[in-house]
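**Q** Please find one structure pasted underneath; my questions will follow.
The values are calculated or read from the model by the stated rules, or taken from the named source; none is laboratory data. Given the structure is predicted, the values throughout are model-derived calculations rather than measurements. Every residue, glycine among them, receives a Cβ derived from its backbone with ideal geometry; neighbour counts consider all protein chains shown.
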Amino acid sequence: MPVFCAEPGCGVLVERGRCPTHARSVDLARGSRVERGYGNRWARRSRLFRERYPLCGMRPDGRPPVLSECYDGGRVTLATVVDHVMPHRGSPALFWDETNWQSLCSTCHARKTAAGL
């Protein structure tokens, strides 16, 4: 069922989220994935991290994960994403600090991101 665009005051009906005009403006303000640090170097490092920590909720040194329902529920789920436990907010030191990383499945990552964490 269509809903109004999530941009306040916009009257365009969409399936979900924002209309194409407002989605583009949000993307431009946010910057591209490469501008945010998620380029080839990140792709290599995150792949290597997931090879060492292949399951959702795995972290270095056996630390407990943050918002991994798979881990909390005892489900064995292959990780597809490397997540920053504490959002880096543009800090290169926090971005590349592997002790701040955890492996998550896409569902747990989306849930954690939606929670603003």
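**Q** Yes or no: the stretch 51-59 includes at least one residue that is assigned to a helix (DSSP H, G or I) and either modelled with pLDDT of 85 or more or loosely packed, with under 11 Cβ neighbours inside 10 Å (or both).
**A** The answer is yes, given that some residue of the stretch 51-59 is assigned to a helix (DSSP H, G or I) and either modelled with pLDDT of 85 or more or loosely packed, with under 11 Cβ neighbours inside 10 Å (or both).
**Q** Still on this model: How many residues does the stretch 95-115 hold that are under 14 Å from TYR38 (Cβ atoms), surrounded by fewer than 18 Cβ atoms within 10 Å (Cβ to Cβ) and either modelled with pLDDT of 95 or more or aliphatic (A, V, I, L, M) (or both)?
**A** Qualifying residue count for the region: 1.
**Q** Is one or more of the residues making up the stretch 20-34 more than 23 Å from HIS88 (Cβ to Cβ), among the aliphatic types (A, V, I, L, M) and at pLDDT below 80?
**A** Yes: one or more hits.
**Q** Test HIS84 against the criterion of being surrounded by 13 or more Cβ atoms within 10 Å (Cβ to Cβ), under 16 Å from TYR38 (Cα atoms) and either of a type in the set (A, V, I, L, M, F, W, C) or under 11 Å from the mean Cα position of the chain (by Cα) (or both), and give yes or no.
**A** yes
**Q** I'd like to check something: does the stretch 42-53 contain any residue that is within 16 Å of LEU117 (Cβ to Cβ) and free of Cβ contacts under 8 Å to residues at least 24 places away in the same chain?
**A** For the stretch 42-53, residues within 16 Å of LEU117 (Cβ to Cβ) and free of Cβ contacts under 8 Å to residues at least 24 places away in the same chain: absent.
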